Amino acid sequence: MADLFSILSQASGSLSAHRNSAATASHNLSNANTPGFARQRAELQAMLPAEMINGGFIGRGAGLLTVSQARDRFIEAQIPGSMGQAAFSSAHSAALQGVSALDPDGGAGLTKAIGDFYGSLRALSQNPSDPGLRQVALSTARSMSQAFNRASQSIEAAKSGIDAKLTGTVAEANTLAANIADLNNQIQVARASGGEPNDLLDARLAATDRLAALTGAKPVPDAKGNVSMLLANGTALVNENRAAKLSLLPNAANGGHLAVQLTRTDGTGPMAMQQSEFGGEAGGLLAARDTTLDKAAKSLDTLAFDLGNAINLVHRTGFALDGTTGRDLLVTGATSAGAAGRLAVDPTVDANPSLLGAASSAGTVPGDGTALLALIGTETQALSTGLDASGALSNLISDFGASASRLAAAAQHDGALLDNVTAMRESVSGVSIDEEMINLTKAQRSFEAVMKVMKTTDEMLQTLLSLK
Amino acid sequence: MRVTDRSIFEAANRNVGAARERAELATQEASSGLRVIHPGDDAAAAGQIAGRRLDETRYGAIKGAVDAANDELASTDGALDAVGAALSRARELAVQLANPTYSAAQRASAAEEIDGLFKTVVAQMNTRVGQRYVFGGFKDGAPPFSAAGVYLGDPGVRQVEIAPGVRQAVSVRADVAISGVGGGTDVLGTLSALSAAMTANNIAGIQNSLNGLDAGIIQISSARSQAGSSMVVLDAASAASRAGRDAATTSVAGLAEADTIESASKLALAQRALDASLTASARSFQLSLLDKL
């Protein structure tokens, strides 16, 4: 029989339900700007009647069924891939935008230095015995060598900067992988005790998103509720409640730049990782360092080596003012590897401008500049690439520029895609302050109504108790 | 579509950021006057700029060398002109004093003038431009003619690059023009012989020297023609180099530099867009239930 005390009892339960609704709205409002937070809903239900009274079921008020999250699995599944792709192209593009050595006007000054060198040879060819012009020719040869050195060092500095950034990326990825493994464990424990650990799920989602952005790893859920993170080749960064560990090691075969290694989730390894196995920021940084910048550096080395050797080949046939011959003008080294970085004027010639080979024979010094005219010819001579120095330099700059331009466009495009999919997730899971204020007010009103019920019931009890 | 507060703020961040970036880029372009700074700004143009810059420097250097060679040729021509004048004067004297009416004393006096003309020719042939003796061939560090008129230079002919890979001879062989190497007339030898004939009052000797003087004048005239034709070639080469350099400069400007009107228009548009973006964002923040409850 539904007595007045049972009304008070059900009101008490209903008050609790509405208080939970208000608390959920409050939680949502508090996390309106928390990254990865998905808004929660307190789902209330009418409590089923306990018994039939005079042919009718009297209900028992309201209770909290569950607190659920607003999520769209379809949209969320697209986010890690979008984040990885956007971070890849953004990191790759940013690394190239930071290199100014190949700027057509300015930069390392390669264009001007090469032009000035040949210009000074032209002036000297008209007056080969002039010591001042000889000094100028050597000075411009030094400037040209130094311009190659600067360009090479600038590209190398960019690669070293990527190494430094990679160190931070790998450290953060390791922390995130360990966090995800730990959260997998905590979520399993929480679920075993009943209910959905919404905030732990949010934390794990934020961590998997970030790890995807850093490494390109894809989240793979399993039936037990764990999320593993797999790289492109299937190597696990996180496997259930175990995390792999990335490490960096200087690679002598790659100029001492850092190579990535991975100690597997079962503790075996470390094994060497390839650039192609990474996406995200790490993949973009590795691609910038080991493909685009490496290609530019090698093209620069080839140009320095070929041009230096072409100049030397002709200079060796020229005769110095003392009648000697067979000297190199530039030091290029034995192979093209690193040639731009070490290009220099031969120290013997550098110390004595009269040793510059200008004449075609010992008998025609000092006024013969025929060898210099031949030397000038190297400016338009086809090098090993089939292009002359100007063409090779233009090609190098255009090729680098095309990569930079393509990646900037890709970064913009991938960023827009990520913005779109993130906005779609936000549309489903994000917190609307207006909505939550309404929900809060709604819970408050219900709370006040139930309080009124309690007050009325109390008055009814007072009335009963005052009967004499 | 459901709109949340965070999406409003993130969209504002994104949109204002993009508008500000466009405004910054437009400002940079308008203030620097350049539209290509990094190769990624326009890859094809960046490569061409490097090539055109080298062309600009190359043609400038060719023009400099050609102009310097032309100046030397002008000195060469001037010296040869003076030599030609000296030979003409010597011929006048020879014609005049071959007449038997002149006395031995008069011929001795003329011999002194011939000796002076000899020295003039030697001095002209030892003309120096800067540190170089222009008639010395490749041995241009010392006077090519001794006081006795012996040629000490060599047969080297200097060349200058008048276009990439194209060369032009820019010196006159004094051993040919003056000393008669290769079957010509020894001009200084002829003057010496004339002087000796004058001193010896040898009318036949004086008459004999007339042929040599005529041949010498033609020889010098031929050398001047050679220098003159080289100067014409160099003038054309200088003009062509200047045109090449100017074309390269214009090409670089077209590739690298921003159009002033277009830049100003782009800047105004970008600033207007930024203003609109800021206004719209600020208004979207204002309407909230928080302010109404």
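Odds and ends about this structure:
- Residue ID - farthest from the other protein chains (Cβ to nearest Cβ), chosen from residues in region A:393-407 that are crowded, with 23+ Cβ neighbours inside 10 Å and closer than 19 Å to A:ASN309 by Cβ: A:LEU396
- Filter pass, A:ILE180 being within 30 Å of A:GLU240 (Cβ to Cβ), in contact with a helix residue (DSSP H, G or I) (Cβ under 9 Å, 6 or more places away or on another chain), of a type in the set (Val, Ile, Thr) and free of Cβ contacts under 8 Å to residues at least 40 places away in the same chain: no
- Filter result for the condition that a residue is of a type in the set (D, E, K, R) and more than 31 Å from the chain's Cα centre (by Cα), over A:ARG316, A:ARG264: A:ARG316
- If the condition is being crowded, with 18+ Cβ neighbours inside 10 Å and of a type in the set (Val, Ile, Thr), then region B:234-256 contributes only B:VAL252.
- Within region B:157-166, the residues that satisfy the criterion of being over 20 Å from B:ASP77 (Cα atoms) and either without any contact (Cβ under 8 Å) to a residue 12 or more places away in the chain or more than 10 Å from chain A (Cβ to nearest Cβ) (or both) are B:ALA163, B:GLY165, B:VAL166.
- None of B:SER238, B:SER251, B:SER284 is in contact (Cβ under 8 Å) with a residue 60 or more places away in the chain, under 25 Å from A:SER398 (Cα atoms) and either part of a helix (DSSP H, G or I) or not acidic (Asp, Glu) (or both) except B:SER251.
- Per-region count, region B:23-48, residues at the interface with chain A (Cβ under 7 Å from one of its Cβ atoms), part of a helix (DSSP H, G or I) and within 34 Å of the chain's Cα centre (by Cα): 6
- Test: B:LEU289 is surrounded by fewer than 18 Cβ atoms within 10 Å (Cβ to Cβ) and within 13 Å of another protein chain (Cβ to nearest Cβ): yes
- Test set (1) on the phi > 0 side of the Ramachandran plot; (2) at pLDDT 90 or above - A:GLY55 fails condition number: (2)
- So A:ALA443, is it within 13 Å of another protein chain (Cβ to nearest Cβ) and among the aliphatic types (A, V, I, L, M): no
- Subset of region B:109-131 that is in contact (Cβ under 8 Å) with a residue 60 or more places away in the chain and more than 18 Å from B:ILE217 (Cα to Cα) - its residue that is nearest to the other protein chains (Cβ to nearest Cβ): B:ALA111
- Qualifying residue in region B:257-270 (condition: under 30 Å from B:ASP5 (Cβ atoms) and not β-branched (Val, Ile, Thr)): yes
- A:ALA22 fulfils the conditions (1) in contact with a Phe, Trp or Tyr (Cβ under 8 Å, 6 or more places away or on another chain); (2) within 14 Å of chain B (Cβ to nearest Cβ); (3) over 30 Å from B:ALA45 (Cβ atoms) except for a single criterion, (2).
- Residue within region A:50-67 that is within 12 Å of another protein chain (Cβ to nearest Cβ) and in contact with a helix residue (DSSP H, G or I) (Cβ under 8 Å, 6 or more places away or on another chain) present: no
- Test result for A:SER403, in a helix (DSSP H, G or I), without any contact (Cβ under 8 Å) to a residue 24 or more places away in the chain, of a type outside the set (Asp, Glu) and under 30 Å from B:ASP42 (Cα atoms): no
- Among the conditions (1) surrounded by fewer than 17 Cβ atoms within 10 Å (Cβ to Cβ); (2) in a helix (DSSP H, G or I); (3) among the polar types (S, T, N, Q), A:SER68 misses just one, which is (2).
- Every residue from region B:50-65 that is within 7 Å of another protein chain (Cβ to nearest Cβ), more than 17 Å from B:GLY165 (Cβ to Cβ) and among the basic types (Lys, Arg): B:ARG53
- Checked against the criteria, B:VAL83 counts as in a helix (DSSP H, G or I), assigned by TED's automatic domain parsing to the domain that holds B:ALA177, surrounded by 15 or more Cβ atoms within 10 Å (Cβ to Cβ) and not charged (D, E, K, R).
- Considering only residues in region B:1-22 that are β-branched (Val, Ile, Thr) and assigned to a helix (DSSP H, G or I), the one that is nearest to the other protein chains (Cβ to nearest Cβ) turns out to be B:ILE8.
- Residue count for region A:102-125, restricted to those that are closer than 19 Å to A:ALA404 by Cβ and either part of a helix (DSSP H, G or I) or within 7 Å of chain B (Cβ to nearest Cβ) (or both): 6
- Put simply, of B:LEU73, B:LEU97 the only residue that is within 14 Å of chain A (Cβ to nearest Cβ) and either of a type in the set (A, V, I, L, M) or within 30 Å of B:SER230 (Cβ to Cβ) (or both) is B:LEU73.
- Residue in region A:25-39 that is touching a residue at least 40 places away in the same chain (Cβ under 8 Å), among the polar types (S, T, N, Q), at negative phi and surrounded by 16 or more Cβ atoms within 10 Å (Cβ to Cβ) present: yes
- Restricted to helices (runs of 4 or more DSSP H) entirely inside region A:280-391, those with at least 1 residues that are modelled with pLDDT of 95 or more and farther than 30 Å from B:ARG173 by Cα are A:280-287, A:293-315, A:339-342, A:347-351.
- Qualifying residue in region B:207-218 (condition: within 30 Å of B:GLY165 (Cα to Cα), part of a helix (DSSP H, G or I) and either of a type in the set (D, E, K, R) or under 31 Å from the mean Cα position of the chain (by Cα) (or both)): no
- Exactly one residue among A:SER154, A:SER145 is crowded, with 16+ Cβ neighbours inside 10 Å, within 14 Å of another protein chain (Cβ to nearest Cβ) and hydroxyl-bearing (Ser, Thr, Tyr), and that residue is A:SER154.
- Look at region B:136-148: where a residue is within 14 Å of chain A (Cβ to nearest Cβ) and a partner is among the basic types (Lys, Arg) and crowded, with 23+ Cβ neighbours inside 10 Å, sitting 6+ places away or on another chain with Cβ atoms under 9 Å, you get B:GLY137/B:ARG158; B:PHE138/B:ARG158; B:ASP140/B:ARG158.
The values are calculated or read from the model by the stated rules, or taken from the named source; none is laboratory data. Fair warning: this is a prediction, and the values are worked out from it, not measured in the lab. FYI the Cβ positions are ideal-geometry reconstructions off the backbone, even for glycines, and counts take in every protein chain you see.
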